[in-house]
Amino acid sequence: MKDLERIKKQLKKGTLEIIILSLISKKEMYGYEIIQQLEQNSNGFYSLKEGSLYPVLYRLEDSDFIESYMFHEEGKRKITRKYYKITDKGINQINNYLKEWNNFVFITNKILGIEGDINE
């Protein structure tokens, strides 16, 4: 069982950038919102702590795939949040990631002898 957990951890780590970039491409979000969306959209499979998310966001920002900005919300409480939005370079990168991902899945499934949807 330890081997399975190790493999799951590595798979998650390897797909996190493309998933986060994809989420941000659909909607500008702040960090905690990204964590919530990941958990909801994956039925808990991607359950991140801030300490795991922010290094990925910083790498994406350093690569100019996303940009951050501060947003001040007025209401009962004044809240300032750091939001992330995708750049044109980030959109191009998603397309590159998706091509690589599809190729990876196709070849891996072929080697493993898996055809079609594995949930069938």
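Being within 13 Å of L16 (Cα to Cα), in contact (Cβ under 8 Å) with a residue 40 or more places away in the chain, surrounded by 12 or more Cβ atoms within 10 Å (Cβ to Cβ) and not basic (K, R) is a condition met by no residue of segment 46-53.
Conditions tested, residue by residue: (1) over 18 Å from S25 (Cβ atoms); (2) surrounded by 11 or more Cβ atoms within 10 Å (Cβ to Cβ); (3) acidic (D, E).
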position	(1), (2), (3)
E61	no, yes, yes
F65	no, yes, no
S68	no, yes, no
H72	yes, no, no
I79	yes, yes, no
Y84	no, yes, no
T87	no, yes, no
I107	yes, no, no
E115	yes, no, yes
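With closer than 20 Å to E17 by Cβ and assigned to a helix (DSSP H, G or I) as the only criterion, which of E67, E100 stands out? Explain how you work it out, then say what you get.
On the way: E67 fails: assigned to a helix (DSSP H, G or I).
On inspection, the qualifying residue turns out to be E100.
Just to be sure before I move on: is Q40 surrounded by fewer than 11 Cβ atoms within 10 Å (Cβ to Cβ), polar (S, T, N, Q), part of a helix (DSSP H, G or I) and free of Cβ contacts under 8 Å to residues at least 24 places away in the same chain in the structure I sent? Full working, then the answer.
Working: surrounded by fewer than 11 Cβ atoms within 10 Å (Cβ to Cβ): yes; polar (S, T, N, Q): yes; part of a helix (DSSP H, G or I): yes; free of Cβ contacts under 8 Å to residues at least 24 places away in the same chain: yes.
So Q40 fits the description; yes.
When each of S25, S63 is tested for being within 22 Å of N95 (Cβ to Cβ), in contact (Cβ under 8 Å) with a residue 60 or more places away in the chain and not aliphatic (A, V, I, L, M), the lone residue that passes is S25.
Take G75 and tell me if it is part of a loop (DSSP other than H, G, I, E, B), over 20 Å from L11 (Cα atoms) and out of contact with any helix residue (DSSP H, G or I) (no Cβ under 6 Å at 6 or more places or on another chain). Walk me through how you get there before you give the answer.
Details: part of a loop (DSSP other than H, G, I, E, B): yes; over 20 Å from L11 (Cα atoms): yes; out of contact with any helix residue (DSSP H, G or I) (no Cβ under 6 Å at 6 or more places or on another chain): yes.
Yes: the conditions hold for G75.
Coordinate-derived values only; no laboratory data. Predicted, not measured: the structure shown is a model, and the values here were computed from it. Ideal geometry is used to build each Cβ from the backbone, glycine not excepted, and the neighbour counts take in all protein chains shown.
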